[in-house]
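One structure is given here, and the rest of the page talks about it.
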Amino acid sequence: MAVYKRGNVWWYKFVWNGEPIRASTKHTNKRVAEQIEAARKTQLAKGEFGIEEKKPVPTLEAFAPRFLAQIRTDCATKPATVSFYERKLQALLQYGAFAKSRLDRIDEEMIDVFKQTRARTTSRRKRPLSVASINRELATLRRLLRLAQKWKIISAPTVKMLDGETEREFVLNHSLEMAYLDVAPPDLHDAAIVMLDTGLRVKECLTLEWPDVHPEPVGDATFGYLTVRSRSSKNSKPRNVPLSDRVMEVFERRRNGHAAGLVFHREDGRPLYQTWLNQQHVEVRKALGLPEELVPHSFRHTFGTRLGESGADAYTIMKLMGHSSLKISQKYVHPSPEHVERAFQRMRRMNATGRRAVGT
């Protein structure tokens, strides 16, 4: 061992691949100094043979700010998505076994214990947490661990979602729709009509501004339209949606000479918030004895279902509803036997015309 003393501190000195290596061990104990020298040689050997040193593994609590910083970068145009991950991450951090654990110690067993714990947890309304709520937390954990794996900090464990998640896919028939609109307060009545006939999300509806409403058709179009701007859209992409007659009536009644500002607002001009809409909706739903599955989002889902039933293809549904992929839109497409028959007949006619054109 090539250690030597300078003053009270031991140093090491040796040659590696023709290069002199010298440094202070910062220790006064010779045996410790020799161990430090040996560790330095091991480190150099690993580098020479392409063996990477493992990065120090942080706890989930320590890694959380780095995760959120990346989310804010990846989702810079989607503030609602950023807010979602911020909320769900806080729920994960409140679970001490996760917060204080190194990321490489979070394994499938610990994740299963987390599921069991959350399944026994009650919400602020003293109800058990829903499967959907727990799965959103698990999805956040999965994204966090995959980011750590991408950065070569850990090898991420498998995060499996809980079974039994029920989707709120309540569809209003026309008689229920009429009953709902008959008892809904004016603002809720008008917002429901807009969502039922345009497929707008609740946020898109409540942030709609008058400059985005275009009553007159453009070019060869038959209908006026409204524009959902990218800042309001969930997928950050603008889209135009045609206006039905009764949506036009709603806008004409509410415009009252306004050329700017929000379409839906309080008497003093302040915005109508989603919490207000939800409260109004719950009162109407209970008055009619309708199930909890009927939520304001059901108006949008009803629009998509009616589009599919009318024969619209998945691509058209995606464009009108602002879906991020065709996969989401396809759930609304359920071709009837008659629709399949008509499509086959059209194909037969097209093939026959093409064959006649080439003389076969």
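Restricting the search to the range 94-112, which residues are loosely packed, with under 14 Cβ neighbours inside 10 Å and either in contact with a Leu (Cβ under 9 Å, 6 or more places away or on another chain) or within 14 Å of Pro157 (Cα to Cα) (or both)? Across the range 94-112, the qualifying residues are Lys100, Asp107, Glu108, Glu109, Asp112.
The single condition from (1) within 29 Å of the chain's Cα centre (by Cα); (2) more than 27 Å from Glu169 (Cβ to Cβ) that Arg254 fails is (1).
Of all residue pairs spaced 6 or more apart or on separate chains, none has beta-carbon atoms under 7 Å together with a first member in the range 295-312 that is under 18 Å from Val340 (Cβ atoms) and touching a residue at least 40 places away in the same chain (Cβ under 8 Å) and a second member that is among the charged types (D, E, K, R) and surrounded by fewer than 23 Cβ atoms within 10 Å (Cβ to Cβ). Selection of the range 113-148 for residues being within 23 Å of Phe63 (Cα to Cα) and in contact with a Leu (Cβ under 9 Å, 6 or more places away or on another chain) yields Phe114, Lys115, Arg118, Ile134, Asn135, Glu137, Leu138, Thr140, Leu141, Leu144, Leu145, Ala148. Scanning the range 23-74 for residues that are at pLDDT below 80 and assigned to a loop (DSSP other than H, G, I, E, B), we see that the one that is nearest to Arg201 (Cα to Cα) is Lys55. In the range 130-164, the residue that is farthest from Val113 (Cα to Cα) out of those that are surrounded by fewer than 16 Cβ atoms within 10 Å (Cβ to Cβ) and in contact with a helix residue (DSSP H, G or I) (Cβ under 7 Å, 6 or more places away or on another chain) is Ser155. Does Thr77 satisfy the criteria of being under 15 Å from the mean Cα position of the chain (by Cα) and assigned to a loop (DSSP other than H, G, I, E, B)? Taking the combined requirement at face value, the residue satisfies it. Taking the numbered list (1) surrounded by 14 or more Cβ atoms within 10 Å (Cβ to Cβ); (2) in contact (Cβ under 8 Å) with a residue 24 or more places away in the chain in turn, Trp276 passes all entries but (2).
Within the range 185-234, the residues that satisfy the criterion of being under 29 Å from Thr77 (Cβ atoms), of a type in the set (A, V, I, L, M, F, W, C) and assigned to a helix (DSSP H, G or I) are Ala191, Ala192, Val194, Met195, Leu196, Val202, Cys205, Leu206, Trp210.
Just name the residue that is surrounded by the fewest Cβ atoms within 10 Å (Cβ to Cβ) out of those in the range 165-202 that are of a type in the set (Asp, Glu) and at pLDDT 90 or above.
Residues of the range 165-202 of a type in the set (Asp, Glu): 165, 167, 169, 177, 182, 187, 190, 197.
Okay, now just the ones that are also at pLDDT 90 or above, so 177, 182, 187, 190, 197.
On the way: Glu177: 16, Asp182: 10, Asp187: 17, Asp190: 22, Asp197: 21.
Here the residue is Asp182.
The values are calculated or read from the model by the stated rules, or taken from the named source; none is laboratory data. Computed from a prediction, not measured in an experiment: that's the story for all the values here. Using ideal geometry, Cβ is built from the backbone for each residue, glycine included, and neighbour counts are taken over all protein chains shown.
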